[in-house]
Amino acid sequence: QVRLGESGGGLVQAGGSLRLSCAASGSFGSIDFMGWYRQAPGKQRELVAIIADGANTNYADSVKGRFTVSRDKGKSTVYLEMNSLQPEDTAVYYCTANVIDVGGTRRNYWGQGNQVTVSA
């Protein structure tokens, strides 16, 4: 059993910054990649940023240069530093992790979602 606990969302004016955190807890062997998706009203859920175990990253074109994803392997935690936020970034942000359990089985887990609202 694995739980992803998210924090750090909120309301910010355009041009501001927020940092999201997501920590994995429970019983597992290791985590491969961790990252973030988001879903805006009326739109499909989309990839925001992913960071692999070896620290390779992948970003959506819309956030490159503004967002930075990082992780603390010892704490099983992933972060998303969001700078120069715009109203178009308003969405529910979901943490995800690809987890290998103690028996070697791999599966994805999801957080409950974290609202980020950017006002003009």
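Taking only protein heavy atoms and a 1.4 Å probe, what accessible area per residue, in Å², does segment 34-89 have with all protein chains in place?
54
Can you work out the Karplus-derived ³J(HN,Hα) for every residue in segment 103-120? Use 6.51 cos²θ - 1.76 cosθ + 1.60 with θ = phi - 60°, whole Hz, and x for glycine or proline.
Per-residue couplings from phi come out as x, x, 7, 9, 7, 8, 10, 10, x, 7, x, 9, 6, 10, 10, 10, 8, 6 Hz.
Determine ³J(HN,Hα), in whole Hz, for all residues of segment 53-70 in sequence, where each value follows from phi through the Karplus function 6.51 cos²θ - 1.76 cosθ + 1.60 and θ = phi - 60°; x replaces Gly and Pro.
4, x, 6, 5, 10, 9, 10, 5, 4, 5, 10, 4, x, 10, 10, 9, 9, 8
Defining a contact as two alpha carbons under 8 Å apart and six or more residues distant in sequence, what relative contact order in percent does the chain show?
Answer for the chain is 36 percent.
Check residue 16: other-chain or 5+ apart residues with amide H under 5 Å from its amide H, H built from backbone geometry?
Amide H to amide H, under 5 Å and 5 or more residues apart or across chains, residue 16 pairs with 85.
With each label point set 7 Å from Cα along the Cα-Cβ vector, what nm distance links residue 40 and residue 11?
2.0
Take peptides 6-19, 86-99 and line them up by average Cβ neighbours within 10 Å, highest first, as a rough protection proxy.
Averaged packing, sorted descending, gives the order 86-99, 6-19.
Mind listing the phi-derived Karplus ³J(HN,Hα) values for segment 43-49, rounded to whole Hz, using 6.51, -1.76 and 1.60 with θ = phi - 60°, and x for any glycine or proline?
Per residue, the Karplus-derived 3J(HN,Hα) values read 10, 6, 5, 10, 5, 9, 7 Hz.
Which percent of the accessible area of the chain is formed by carbon and sulfur heavy atoms (probe 1.4 angstrom)?
Looking at the chain in its full context, I get 45 percent from C and S.
Specify the inter-centroid distance of segment 10-59 and segment 82-111, based on alpha-carbon positions, in whole Å.
Using only Cα atoms to place each centre, the spacing works out to 4 Å.
The values are calculated or read from the model by the stated rules, or taken from the named source; none is laboratory data. Everything numeric in this text was worked out from a predicted model, so none of it was measured. All Cβ positions, even for glycine, are placed from backbone atoms using ideal geometry, and neighbour counts span all protein chains on display. Ligands, DNA and RNA are excluded from the accessible area calculation, which covers all protein heavy atoms including side chains. Shrake-Rupley method; radii C 1.70, N 1.55, O 1.52, S 1.80 Å.
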